[in-house]
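> Have a look at this one.
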Amino acid sequence: MKLDLSFVLLLIVVSIAHGQNGPAIKLEPCEVPGTSPNVKEKAKCGSLEVFEDRAKRSGRKIKLKIVVFPATSKNKEPDPLFYIPGGPGSSATEDAPFVAQDFARVRERRDLVFVDQRGTGGSNPLNCTFYDPDDAQSFLGHWNPPEQVRECLRQLQPKADLRLYVTSIAMDDLDDVRAALGYKKINISGGSYGTRATLNYVKRHGKNVRSIILQGVAPSNQFMPRDFPEHTQRALEGVIAECLAETDCRAVFPNARSDAQTVLDRLKKGPIEVEVKYNERLARVRLSRDLAGEAVRYMLYQGGSASRVPLVLNLAANGNFVPLAEAALLYRRAIVSSGSNGLYLSVTCAEDLPWADNVTRVQADDATFLGDYRLRQQKEACSFWPRGELTADYAEPTRSNVPALIFTGQWDPVTPPVYGETAAKYLPNGLHITVPSAGHGFGGLDGIGCLSDLSTSFIEAGSVKNLDTTCVSSIKRKGFVLSLPKPAK
């Protein structure tokens, strides 16, 4: 039987109108929080329903939250920029206004698309509360307190099959969004865990990718937090070496290296009791070696906060542990207790912890400032958290001809340059750039507008060829903080 040509054309039109893999997404004008309080940004919002169990294609469905910042000029390109945040557990749509600001020039010709990964933000979030906001000490204990993790598990299991919240499934969701929005090819910018997700997307859906930007590569065989101690130690020693190479910093902290060892030796004897500011009042807390090491690690994440490390360690070496304890409290509240902790556990318990010990290496607790507490405590939480299944090639490197621009901070304590270099080996159309004096992020450095310029040029060209990177050499630290600010009168 012959098909009527008009009927065939109708099928094609309907297929296009409904995306490639399902119904089209209806985007509506909306306002989202801006980069400042009481400021709203105009955008377009929508959602897409996907099966939680993509393999069975039955049962519970999840609504994926989507925010699009449309291109600002009429001369619009067809390939948007998708953003994948870090974590795992951060919300892409909550980051949207800040990312839109950073990529303002890219947005002139391309839509910016933000999709909350399943388990985060507005996409069936797997949020847990592990600490008591009325008790400062609760923030300075176990990474994931087992009792609270078990309670979180009880609360989440009625609303989610926690085995189905791994990276590969989330990236198939993302491709459904791409198709339903009618984009043939996309560009992707991923940071930290977002680089792992981006590389996984390229591995699974590379034909739909025009280019990728990676910042702080977290490869699928990193097996967090196995190498956190040695990477943190490398970063700490690098920042201290920079201090000692700078005239002013060396003059104020000539014993910066021994200061770090003095602090570590003191904390190994037991916790320090210290009085800190908490919720507009004073609270007495105990600072352990684990939390002090974690505080230094997070200070090393950004160039600006890393510039305070020699000062904070010097103060502690001389008996003032208050700034170090306040830093520990700040980062536990701002980073560890934020985002979707349930999603973090679902991802890392499936993708990292099962293999974290299957490597012949010494993780001596005494060998590094950070120590191995994260590995021990995260393993404890993962021992009873539901574990998802991974594809056979999950830990294999992503081999692709997709153009890739890769940035790594010189003193990144979690995803050091070696990961960017390794990823680039399998991306022949990629370029890896080590950013001087930078950490996991690039805040607190002079000249970082260079990186924005490079990203814009790269997205515009869709290639690293002829990309002028000479401005990278002009990036530098703004200087080290040499004293505490004087109290206001």
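The values are calculated or read from the model by the stated rules, or taken from the named source; none is laboratory data. Remember, it's a predicted structure, so these values are computed and weren't measured experimentally. Using ideal geometry, Cβ is built from the backbone for each residue, glycine included, and neighbour counts are taken over all protein chains shown. SASA here: full protein model, heavy atoms, side chains in, ligands and nucleic acids out. Shrake-Rupley method; radii C 1.70, N 1.55, O 1.52, S 1.80 Å.
> Which residue is surrounded by the most Cβ atoms within 10 Å (Cβ to Cβ), if the candidates are limited to segment 175-206 and must be touching a His at 6+ places or on another chain (Cβ under 8 Å) and of a type outside the set (D, E, K, R)?
S192
> Still on this structure: Would you check which residues across segment 138-174 are in a loop (DSSP other than H, G, I, E, B), surrounded by fewer than 21 Cβ atoms within 10 Å (Cβ to Cβ) and not polar (S, T, N, Q) and list them?
Once the filter is applied, which keeps residues that are in a loop (DSSP other than H, G, I, E, B), surrounded by fewer than 21 Cβ atoms within 10 Å (Cβ to Cβ) and not polar (S, T, N, Q), segment 138-174 yields G141, H142, W143, P145, P158, K159, D161.
> Of all residues in segment 380-421, which are touching a helix residue (DSSP H, G or I) at 6+ places or on another chain (Cβ under 6 Å) and of a type in the set (K, R)?
Residue satisfying the conditions is R387 alone.
> Continuing with the same structure: Among (1) closer than 24 Å to S383 by Cβ; (2) not in a loop (DSSP other than H, G, I, E, B), where does M224 come up short?
Unmet condition: (2).
> Take the residues in segment 23-58 that are in a loop (DSSP other than H, G, I, E, B), more than 17 Å from Y165 (Cα to Cα) and of a type outside the set (A, V, I, L, M, F, W, C); name whichever of them is nearest to the chain's Cα centre (by Cα).
Just the residues of segment 23-58 that are in a loop (DSSP other than H, G, I, E, B), to begin with: 23-27, 34-39, 52-58.
Cutting the leftovers down to more than 17 Å from Y165 (Cα to Cα) gives us 23-27, 34-39.
Next cut, of a type outside the set (A, V, I, L, M, F, W, C) only: 23, 26, 34-38.
Details: P23: 31, K26: 29, G34: 20, T35: 19, S36: 22, P37: 23, N38: 26 Å.
Among those residues, the one meeting the criterion is T35.
> Further, regarding this structure: Taking interchain pairs and intrachain pairs at least six residues apart, which have beta carbon atoms under 8 angstrom, with the first residue in segment 421-444 and in contact (Cβ under 8 Å) with a residue 40 or more places away in the chain and open to solvent by 10 Å² or more (accessible area, probe 1.4 Å) and the second acidic (D, E) and part of a loop (DSSP other than H, G, I, E, B)?
Qualifying pairs under 8 Å: H440/D412.
> Run down S346, S305, S338, S288 and say which single residue is modelled with pLDDT under 95 and hydroxyl-bearing (S, T, Y). Show your work before the answer.
On the way: S346 fails: modelled with pLDDT under 95; S305 fails: modelled with pLDDT under 95; S288 fails: modelled with pLDDT under 95.
After applying the criteria, what remains is S338.
> What number of residues within segment 406-458 are part of a loop (DSSP other than H, G, I, E, B), within 18 Å of the chain's Cα centre (by Cα) and aromatic (F, W, Y)?
Matching residues across segment 406-458 total 2.
> Is there a residue in segment 238-252 that is free of Cβ contacts under 8 Å to residues at least 60 places away in the same chain and surrounded by 17 or more Cβ atoms within 10 Å (Cβ to Cβ)? Let's see the steps before the verdict.
Step one: of segment 238-252, the residues free of Cβ contacts under 8 Å to residues at least 60 places away in the same chain are 241, 244-245, 247, 250-251.
Filter again for surrounded by 17 or more Cβ atoms within 10 Å (Cβ to Cβ), leaving none.
Looking through segment 238-252, none of the residues is free of Cβ contacts under 8 Å to residues at least 60 places away in the same chain and surrounded by 17 or more Cβ atoms within 10 Å (Cβ to Cβ).
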